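For reference, the structure discussed in these notes is given below.
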Amino acid sequence: MRILVVEDDKQLAAGLRRGLEAEGYAFDVALDGTEGEWFAQEQTYDAMVVDVMLPGLAGDVLCARRREAGDWTPILMLTARSGPEQESRALDAGADDFLAKPFSFMVLTARLRALVRRGTRERPTILQVGDLRLDPATHRVSRGETEVALTPRQFALLEYLMRHAGEVVSKTAILEHVWDFAYDGHPNIVEVYVRQLRQRIDEPFALRSLQTVRLVGYRLAADGGGAGKADP
């Protein structure tokens, strides 16, 4: 998932950055509401984490503007304290959920997963394509009865492909959702990770679920793939 974090507390923002990076998320961080609005206008996100109290543009105003613009990206608002006033302020602005500080990072990521599942379409808690299963909550992947070990970035790539199983996704789309806005390396990094992923989820099982669509992108077969070697 690609997340936008809008938080002016640099220490908290840095902590969220470390935590989300360790979980395999792609993310962008804005330190004020004005910058956060720019990111939200220029990029597509699976969810946003927005503090209510922000310099430049308050978080609830940012949220309200995104809704007025027709942007229904799930938004988790961070409030300074719990209570009906803060909670109603977040929800009335168009937020989907709120979390009072201080909070558990485990709870924050669980709520983000729940918001994404409740997004524009219903999404299952555990993703399954053929006999390939991925559990975002526990970061576990299995092919049939065999558990498959993946790095956080490999996991993020597989999760994105599984959420779009049967669809052709371009290299650009993968870069935008699995890597962050600041990534300025060579786009061929996608090919490297696709090759690594095939070596983990296909080749040991004599399957070819992860397919290359020449000059277009990649597709994870909706039925889990057939027998045979993976694409070169």
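The values are calculated or read from the model by the stated rules, or taken from the named source; none is laboratory data. Predicted, not measured: the structure shown is a model, and the values here were computed from it. Keep in mind that these areas ignore ligands, DNA and RNA; they rest on the heavy atoms of the full protein, side chains included. Shrake-Rupley method; radii C 1.70, N 1.55, O 1.52, S 1.80 Å.
For the range 1-158, the carbon plus sulfur part of the accessible surface works out to 49%, probe radius 1.4 Å.
Extension gain for the segment E42 to A206, taken as residue separation times 0.36 nm less the Cα-Cα distance, is 54.9 nm to one decimal. Tell me the angle of helix 152-163 to the major Cα principal axis of the chain, expressed in degrees between 0 and 90 and rounded to the nearest ten. So the helix axis and the longest Cα principal axis differ by about 80 degrees. Dimensions of the chain along the principal axes, based on C-alpha atoms and rounded to the nearest Å, stand at 59, 34, 31, largest first. Normalised per residue, the accessible area of the chain is 49 Å², obtained with a 1.4 Å probe and no contribution from ligands, DNA or RNA.
An ellipsoid equivalent to the range 25-101, defined through the eigenvalues of its Cα gyration tensor, has semi-axes of 19, 13, 12 Å when rounded to whole angstrom and sorted largest first.
In the chain, the longest principal axis of the Cα atoms and the axis of helix 59-68 are about 60 degrees apart.
Angle of helix 33-42 to the longest C-alpha principal axis of the chain, folded into 0 to 90 degrees and rounded to 10: 30°.
What is the chain's relative contact order, in percent, from Cα pairs under 8 angstrom and six or more apart in sequence?
After rounding, I find 16 percent.
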